[in-house]
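The values are calculated or read from the model by the stated rules, or taken from the named source; none is laboratory data. Remember, it's a predicted structure, so these values are computed and weren't measured experimentally. So basically every Cβ, Gly included, is an ideal-geometry build from the backbone, and we count neighbours across all protein chains shown. Only protein heavy atoms, including side chains, enter the accessible area calculation; ligands, DNA and RNA are left aside. Shrake-Rupley method; radii C 1.70, N 1.55, O 1.52, S 1.80 Å.
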Amino acid sequence: MRYEYVLVVILVSGVSNSKVSGEPLGYLKYVLDILGDVVQNETNGIGINCRRHMDYYQAGLKTNRLWAFQMFDAASKLPSGIGAGHTVDLGSFEECLEVIQRIDSSDSFRGRYCLGETNINLKKINATVPLKLASCLPESCSTTDVSTVYKYFGFNFSFPDNLCQTIADREKLRFGLSEYCGVAFFAIFALVIFASTIYDIYLYITESQVKHRALVAFSILKNGKQLIAIENNAKQITCMNGIRVISTMWIILEHRYYIPLSYFPLWNNFYKETWKQSAGNMLMINVPMAVDTFFVLSGSLVSYVYLWSAEKSTSFHIFKFYLHRFLRLTPVLVAVIIFIVTLLRQLASGPLWSSMVESHLIDGCEKYWWKALLYIQNYGQTPSLCISPSWYLSVDMQLYVVSPIFLLALSRWPKRTIYGIVALIVGFLSLMV
């Protein structure tokens, strides 16, 4: 028995044992009365099993049963601060799912967590906002049954099936063909890495020369050395590394603190605009500028390397130029997409898991993976992107495709090309104003 459950029983039982005319006081009495109305009204459309288990739940609350108070405690109550934007209360997901109650030798039920939504009108801001609350009722109650129960409380809630879970749903591995393909893909990939690393270690011990570079291409030893190596050659502009680090840290900061404002529940949601207008938060608001620095760095580095090669009379092969860029980005992107569409859904659960991860990430990759691999995600009306940050890869690849036009011109007519580029920059800026 967990300590927090004992504490809940003590607190709630203190209310239920304080009686006037033999009746429990406060909110618990209100809930018991509602549940009694739900159970007794046989014409409300609630299923037979749900009605029987709800009756048992009501009896459990009246007799101070621990499992019943767990369900009662796990369900949302009307949250404080709705006028400030606290319109989402997730209840207690784990506490609800851990309820397992046996009625008799042939009947038992588990707690089922559902996240429902309704609209409420707030006169303070003259707007209708969604209110999301969690329910914890027996698993025999369908989403329609749960909606019916909440109508007795005066709320017209809808409970989507994908936002309802039991402990069995969470523990059940939904392995199908795609999941097995994902396991097979990463198992083969891990085997290749292992074999390549073992071969590289063998070469190191025997001081032998590698016969084919492809055999050590996936070696952890070889690639690890390259990751931590500090190169200093004419093809590098070392000051760019510092700019890249600062910009990367800036973007990570935004994704950690600013992005959640748009996706996760907030206690003071209506004060977001006030927060955005504060001068002290400009560091967070202007993070998109950090993405622009990566475009500048990429373009500058491509131009520098090309002009350096041209000065050394190195021939330029446009096919190799494109192929190198495609092979540099695509294999990693393919691996991430395969992981998302095959294995990601198996890694966790939670009240927002279906609505956040499955709907916004997994569904996007299942439908639009091809746009990500063709680097055209920034075109068309795509409801959800496959890996949202990969829009940058699409734009960067498209700029890379058109860059030879400017690079070839820059090597042949440097002054005229620079004048033309400046004119293009001024023209684009004027269109943005």
Given all pairs of different Cα atoms, what value in angstroms does the Kirkwood hydrodynamic radius of region 161-286 take? 20.8
The helix 26-40 Cα axis meets the longest alpha-carbon principal axis of the chain at an angle in degrees, between 0 and 90 and rounded to 10, of 80
Quick note, region 250-291: a/c under 1.5 would make it rounded; otherwise a/b > b/c is prolate and the rest oblate (a ≥ b ≥ c, C-alpha gyration tensor); here it is oblate
Rg (one decimal) and Dmax (whole number) from the Cα set of the chain, in Å, equal 30.1, 100
Provide Rg and Dmax in Å for region 251-392, with only Cα atoms included in the calculation. 19.6, 62
With -39,500 (n - 2.57) per DSSP H segment of 4 or more residues and division by the full residue count of the chain, the 222 nm estimate, nearest 500 deg cm²/dmol, is -18000 deg cm²/dmol
Please list, by residue number, every one of the trypsin sites (Lys or Arg not before Pro) in region 262-323 that is coil in DSSP and has at most 16 other beta-carbon atoms within 10 Å. 312
For a test of the definition: using alpha carbon positions, the gyration tensor, and the 1.5 limit on a/c, classify region 285-334 as rounded, prolate or oblate. oblate
Before anything else, pin down the relative contact order of the chain: Cα pairs under 8 Å, at least 6 apart, normalised by residue count, whole percent. 12
May I ask for the Kirkwood hydrodynamic radius of region 390-433, worked out over all distinct Cα pairs and given in angstroms to one decimal? 11.7
At 1.4 Å probe size, with no ligands or nucleic acids counted, give the accessible surface of residue 273 in Å², nearest ten. 110
Over the Cα atoms of region 341-411, how large are the radius of gyration and the largest Cα-Cα distance (Dmax), in Å? 16.3, 58
Of 194, 159, 72, the most mobile residue in a GNM of the chain (C-alpha springs, cutoff 10 Å) is 194
Using a 1.4 angstrom probe on heavy atoms only, work out the carbon and sulfur share of the accessible area of the chain in %. 63
Which value, in Å², gives the accessible area per residue of the chain when a 1.4 Å probe is used on the protein heavy atoms? 61
How far is it, in nm, from the label point at residue 78 to the one at residue 120 when both lie 7 Å from their Cα along the line to the Cβ? 0.7
Could you pull out the pairs from 29/77; 222/320; 225/312; 132/272; 77/132 whose alpha carbons sit more than 21 Å apart here? 222/320; 225/312
Nearest 10 degrees, 0 to 90: what angle lies between the long axis of helix 414-432 and the longest principal axis of the chain (Cα atoms)? 20
For region 232-330, projected area of the alpha-carbon convex hull averaged over all directions, nm²: 9.1
How big, in percent, is the set of alpha carbon pairs in region 127-206 lying more than 15 Å apart? 73
Out of region 261-366, which chymotrypsin sites (Phe, Trp or Tyr not before Pro) are coil in DSSP terms and have no more than 13 other C-beta atoms within 10 Å? 267, 316
Share of alpha-carbon pairs per 10 Å distance bin for region 62-160, given as whole %: 15, 43, 28, 10, 3, 0
Under a Cβ-Cβ limit of 4.7 Å, which cysteines in the chain have nobody to pair with? 181, 239
